[in-house]
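K.L.:
Quick one: this structure, given as structure tokens, is what I'll be asking you about.
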Amino acid sequence: MVMRTQLENFLAWCETEQGCKLATLQRYQAKMLFFLDWAKAQRITTFKKLRKAHLNRYLKFLAKQCRGIALAHATQNTYVSPLRQFIAYAHAQGLTKLVAPDVPRQPQKSHRGVILTAQELTAFCTPLQAQSLAAARDQVLIEVLVATDLRASEVRALNWQDVDLDGTTPCIVLPNRENYTPISHQAYYWLKRYHTLRADAGAAVFVSFDRAHLYHRLSVRGIERILEGRAKEVGLAKRITPTLLRTTFLAM
């Protein structure tokens with residue numbers, strides 16, 4: 001199977017299965033075309049010919065002479081991430097025996113040990129305006145991320161059937177976790193309010209809204225943008241990410 005012929009199917013898979021938005025899909029397409037052009041120059045056009053050694057050679061190319069300059073690790077990862085997704089897609093379709101971990105990400109500067117202070121958390125969680133449906137969604141998202149150890153991918157995948165708002169202890173029950181995840185009183189309040197504002201019958205808890213008023217499951221990048229927007233609104237200098245909020249929760 002020629003790799004280039006699977007590019008459109010891969011992008012469609014990213015949109016439907018991974019919840020990627022248009023900007024992400026455009027970036028993935030550009031990075032994958034760059035890889036496919038490199039592979040073609042190496043006479044590697046099919047999945048059958050692609051080996052782990054070729055992937056390692058591509059990583060070295062990115063590190064040493066991509067576009068004639070040495071790319072920073074973070075920039076290299078913008079090329080690596082789409083390729084990992086492409087390999088994961090091909091593996092799921094039975095096109096290759098390679099797996100995503102065969103394309104390792106470059107190590108980046110560690111932010112381990114950096115957490116939010118109590119004052120920063122308070123400022124970050126204070127709703128500035130929560131009258132609209134989108135604002136209520138943002139507040140629920142923030143409350144859940146701040147008060148649980150859920151990862152962004154788990155929060156993105158939440159369905160209403162996973163949220164128990166009527167029991168003695170409000171909680172989130174995920175099939176991949178043995179124990180339930182309790183939620184705070186604030187998260188409970190905003191979840192109830194958000195659920196009331198949602199007039200649709202969609203299964204996903206966290207959705208994005210397009211101009212046609214159609215709801216789509218929120219992507220991980222969408223979650224990150226909401227956190228970045230709130231941090232900017234309240235004037236926090238730190239870069240707020242789902243990982244930072246989870247690390248802060250676990251350190252409390």
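K.L.:
Taking the chain as a Gaussian network, Cα atoms linked when under 10 Å apart, which of Thr126, Thr148, Thr168 shows the biggest mean-square fluctuation?
P.N.:
Answer for the Gaussian network model of the chain: Thr168.
K.L.:
How many lysine pairs are close in the chain, with Cα atoms under 18 Å apart and the two 8 or more places apart or on different chains?
P.N.:
Lysine pair count for the chain: 13.
K.L.:
Let me ask something else about it. As an exercise, use a Förster radius of 35 Å and the Cβ-Cβ distance of Leu7 and Asp166 to find the FRET efficiency, rounded to the nearest 0.05.
P.N.:
0.15
K.L.:
Out of Val140, Val155, Val103, any idea which swings most in a Gaussian network model of the chain, alpha carbons joined below 10 Å?
P.N.:
Per the Cα network of the chain with a 10 Å cutoff, Val103 tops the list.
K.L.:
Looking at the P(r) of the range 119-231, how many percent of alpha-carbon pairs lie beyond 17 Å?
P.N.:
I get 52 percent for the Cα pairs in the range 119-231 exceeding 17 Å.
K.L.:
To continue, here is another question. Taking 0.36 nm per residue of sequence separation and subtracting the Cα-Cα distance, how much length would be gained by fully extending the chain between Ala251 and Ala74, in nm to one decimal?
P.N.:
Difference between extended and current length: 61.1 nm.
K.L.:
Out of every Cα pair in the range 152-208, what percent are spaced more than 19 Å from each other?
P.N.:
Here the tail beyond 19 Å accounts for 24 percent of pairs.
K.L.:
Tell me which label goes with the value of P(r) over Cα pairs in 10 Å bins from 0, in percent computed from the coordinates here: (i) 6, 26, 29, 23, 13, 3, 0; (ii) 7, 31, 39, 19, 3, 1, 0; (iii) 7, 30, 35, 22, 6, 0.
P.N.:
Label of the calculated value: (i).
K.L.:
Compute the length gained on full extension between Gln106 and His185: take 0.36 nm times their separation in residues and subtract their Cα-Cα distance, giving the result in nm to one decimal.
P.N.:
Extra length available between Gln106 and His185 comes to 24.5 nm.
K.L.:
Here's something else I'd like to know. Which residue, chosen from Ala63, Ala136, Trp190, occupies the Cα position most advanced towards the positive end of the dipole of the range 60-206, where the dipole is computed from +1 (Lys, Arg) and -1 (Asp, Glu) charges on Cβ about the Cα centre?
P.N.:
Ranked along the dipole, the leading option is Ala63.
K.L.:
Report ³J(HN,Hα) in whole Hz for each residue of the range 91-107, in order, from the Karplus equation J = 6.51 cos²θ - 1.76 cosθ + 1.60 where θ = phi - 60°; Gly and Pro get x.
P.N.:
5, 5, 8, x, 8, 8, 8, 5, 10, 3, x, 6, 10, x, 6, 6, x
K.L.:
Taking Cα centroids, how far is the range 115-130 from the range 166-181 in Å?
P.N.:
25
K.L.:
May I pose another question? At 0.36 nm per residue, minus the direct Cα-Cα distance, what do Glu233 and Leu174 gain on full extension? Give it in nm, one decimal, please.
P.N.:
So the extension gain works out to 18.1 nm.
K.L.:
Please compute P(r) over all alpha-carbon pairs of the range 2-136, binned at 5 Å starting from zero, and give each bin as a whole-number percent.
P.N.:
Calculated P(r), rounded to whole percents: 2, 9, 16, 18, 15, 12, 8, 7, 6, 5, 2, 0.
Just so you know, all these numbers are worked out from the coordinates, no wet-lab data involved. Since the model is a prediction, treat every value here as computed from it, not as a measurement. Glycine also receives a Cβ, built like all others from the backbone with ideal geometry; neighbour counts cover every protein chain displayed.
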